[in-house]
């Protein structure tokens, strides 16, 4: 899969892909290192066109050309090593929560942090191929943090046109399915509530079309729930949702979540949802 092959190139530095600048952000505090650094996305470089040269297009415009997309792969692989850092309390806009958590894991030890980063890597590659500039809140799966407030700020500072937080749930073993979490108006996010709800509907439709994962049978209603206690949603100034892509303690979901094929299906679904949201068109593509 093209996304998986790019993982080695995810470093704190930027690199060019398909002639576009990929936004870079702080990857979080390295294990045993100083507090997480901040960074913002890089813009798309200007292209000079000679006034004497005719404007000739040899191919259709890429669907996400000129767009900035934020991706937040939840948690981080090194969070287990530094509880004092991730357990510090931060203000999330409506109350206090911890800086971050370790996330959940499947019965065989496959971690949510790894899953989140796998999908984010595939999604990043797909978005770049479609012309987007991509801003990631972390560039590897071996660091600590950054805090959820910093993650929100990275994406806000990049002025992303749309953003997604990628997670997997730690629900009851009998529970199955995905849930899209949408923000509740609390001040900082007031201007993007309606847009986030529309994007959430597009994400829900795309997951059902492109993947075999059903809507959750234990969390939310029809695959959607509103949350007012998460920094990533409370503090966002760009259209954003958080997706619990499946339930890791459930054996059926866990098998899917660990499958590279399913991870790429999710990346394809998220890309389709972003294109639909940013173009105002319905989600299209193959049924799941």
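The values are calculated or read from the model by the stated rules, or taken from the named source; none is laboratory data. Just so you know, these numbers come straight off a predicted model, no measurement behind them. Reconstructed Cβ throughout: ideal geometry from the backbone, glycine too, with neighbour counts over all protein chains shown.
Annotations
- Residue in the stretch 278-287 that is in contact with a helix residue (DSSP H, G or I) (Cβ under 8 Å, 6 or more places away or on another chain) and either closer than 25 Å to residue 107 by Cβ or in a helix (DSSP H, G or I) (or both) present: no
- Evaluation of residue 256 against (1) in a helix (DSSP H, G or I); (2) surrounded by 24 or more Cβ atoms within 10 Å (Cβ to Cβ) (one fails), failing number: (2)
- Residue 283 buried (at least 19 other Cβ atoms within 10 Å of the Cβ) and at pLDDT below 95: yes
- Index of the failed condition, residue 216 passing every other in (1) within 24 Å of residue 121 (Cβ to Cβ); (2) buried (at least 23 other Cβ atoms within 10 Å of the Cβ): (1)
- Number of the condition not met by residue 145 [criteria: (1) buried (at least 23 other Cβ atoms within 10 Å of the Cβ); (2) at negative phi]: (2)
- Scanning the stretch 120-133 for residues that are farther than 12 Å from residue 267 by Cβ and touching a helix residue (DSSP H, G or I) at 6+ places or on another chain (Cβ under 9 Å) turns up 132, 133.
- Residue that is under 19 Å from residue 270 (Cβ atoms), out of contact with any strand residue (DSSP E or B) (no Cβ under 7 Å at 6 or more places or on another chain) and free of Cβ contacts under 8 Å to residues at least 24 places away in the same chain, where the choices are 195, 201: 201
- In the stretch 231-253, residue nearest to residue 211 (Cα to Cα) [restricted to those that are out of contact with any helix residue (DSSP H, G or I) (no Cβ under 9 Å at 6 or more places or on another chain) and outside any helix (DSSP H, G or I)]: 244
- Among the candidates 232, 280, 223, residue that is in contact with a strand residue (DSSP E or B) (Cβ under 7 Å, 6 or more places away or on another chain) and free of Cβ contacts under 8 Å to residues at least 60 places away in the same chain: 223
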